[in-house]
1. Given the criteria out of contact with any Pro (no Cβ under 8 Å at 6 or more places or on another chain) and either at pLDDT below 85 or at positive phi (or both), does Lys230 qualify?
2. Can you give me the number of residues within region 49-82 that are of a type in the set (A, V, I, L, M) and under 17 Å from Gly95 (Cα atoms)?
3. How many residues, within region 41-65, are assigned to a strand (DSSP E or B), under 14 Å from Phe78 (Cβ atoms) and not polar (S, T, N, Q)?
4. What do you reckon, is Glu82 surrounded by fewer than 17 Cβ atoms within 10 Å (Cβ to Cβ), among the acidic types (Asp, Glu) and over 60 Å from the mean Cα position of the chain (by Cα)?
5. Can you tell me which of (1) in contact with a Ser or Thr (Cβ under 6 Å, 6 or more places away or on another chain); (2) at positive phi; (3) open to solvent by 30 Å² or more (accessible area, probe 1.4 Å) is the one Gly420 doesn't meet?
6. Lys248 is checked against (1) touching a Ser or Thr at 6+ places or on another chain (Cβ under 9 Å); (2) open to solvent by 90 Å² or more (accessible area, probe 1.4 Å); (3) modelled with pLDDT under 55 and fails just one. What number does that condition carry?
7. Looking only at residues in region 115-140 that are part of a strand (DSSP E or B) and within 16 Å of Lys33 (Cα to Cα), which one is most open to solvent (accessible area, probe 1.4 Å)?
8. Give the residue that is surrounded by the fewest Cβ atoms within 10 Å (Cβ to Cβ), with candidates limited to residues of region 141-160 that are in a strand (DSSP E or B) and among the aliphatic types (A, V, I, L, M).
Amino acid sequence: MTQQPPHPTPSRPGQPGQMTAVMRAVAPVTGPKVLRIGLVQGGKVIEERVIKQRTHVTIGPSEKSMFVIPSKSIPPNFRVFELVGGEYFLNFLDGMTGRVAFKAGVSELSALKSSAKRVAVGNVQAYQVQLSEEARGKLVVGETTFLFQFVAPPPVQPKPQLPVSVKSGIANDIDWTTTIIAAFSFLFHFGAVGSIYSDWMDPVVDDEIDVAQLLESVKQLPPPPVEQPKEDVQAPAATAAPVADAPKASAGGGNKGAAASPGKGSGGMSDARASALTNELAQLDMQMLGALNSSGNATASVLSSGDVPTGLLENAAASGAGVGKGGVAGLNMGGAGGGTVRPGAAGGGGLATIGNTGSSGPATAGSAQTVKGPVGNAQVGGAAVSGGSVSNAPSVVAGMTAGFRRCYNKGLQEDPSMKGSVRITAKIGPNGEVLSATPSGGSGLSGTVVSCVVARVQSAQFAPPEGGGATVVIPVTFVSQ
């Protein structure tokens, strides 16, 4: 018994059969035709391209052209096939050759110039001929030949896809339940650790709240205990002890020793008594100063080279005031009994013998003649600093005024009518020392005064100047008073 071959199941009318992806890819595509262009050089086809999208086709030496050809007779980006309103037009220039096959026949480009349309393509004038989908031909541009024709558009290539076994293998091998549990566990544990080390759970710090709490805690502190004063039974005895132990006056002290300040400790005295003693000692110093020279005006000879006003000292030397010989708070003035102590007086001992110049009689501190020497004044102008900045130049120059005045007063001893001005130019070194001092001007001043002023400037010390050196000009004017 023979087995009958199975008959194919006829498909129902109106229902298309199944098509694979490959069959759909090779299925004819309907639509307008596209250009197919071949590039020939030296008799060989070097490039063939199908323009899948209907668009302009450009040629020229520019890199932006669709077909790059090394020709200088055409523009850099010339539209040889131009798409206008969905239809292709052929643009050619003078110097291009070739032929085009239409339904009516084949025509040379030179013959088409009479019927072609003149259009502006870029910066040049070109001939334009409309092409139908049945047209084909060639175009010669220099040493390059373009062969063109219209063909059906190629089928759309399907996108590459992975096999089903590869696409579903990775996802199917994952245990999603375990993966989800592990993910949640990871988030929970690391979230807990992050919350521990973060400060979002810390209490909010508010200065006003902290200060208010501090004030409340201070208010709640108990008051300090009040200390009761203790009765001091031995206070009168302690007070009487210093009085009993007060030092006794010396034998020659008289009533002054008995008048030592009461109520003080051992060896103490009142402020009034200390002030009186200071005045007495100052008066004694003045009278001792007058006894240093027994001839002439004492203070005039002693302070002849100084610049201190001598009027006060002259009056004190000529005065007949003195201090007593008695003991003044333990000060032994020498001699017995009371009376006035005069420097240079004979007899006695201690301070009473100071200034004794002879045995014939007591010596006085000098006559009452007043001697007033010439006194001058030094006026220092503003110091001009150049070549660098010296921070303390004004203060250092102002401090030289007393020295300048002393130099001038010495010069007035020689010439009381001397006056004038001088300018000292001082070069300041890097450490603030005076490298040199040069006088200028000096009209009316003696060489002694100018040399003294220069020496005073050379002994000055300035702050280190900025830049390593500077020049300071000091104007000084001397006026006699």
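1. Yes; evaluated as a whole, the condition is true for this residue.
2. 4
3. Adding up the residues that qualify gives 3.
4. no
5. (3)
6. (1)
7. The selected residue is Arg136.
8. Per the criteria, the residue is Val151.
The values are calculated or read from the model by the stated rules, or taken from the named source; none is laboratory data. Note that the structure is predicted; figures quoted are calculated from it, not measured. Here Cβ is always computed from backbone atoms with ideal geometry, including for glycine, and neighbour counts include all displayed protein chains. Surface accessibility is based on the protein's heavy atoms, side chains included, excluding ligands, DNA and RNA. Shrake-Rupley method; radii C 1.70, N 1.55, O 1.52, S 1.80 Å.
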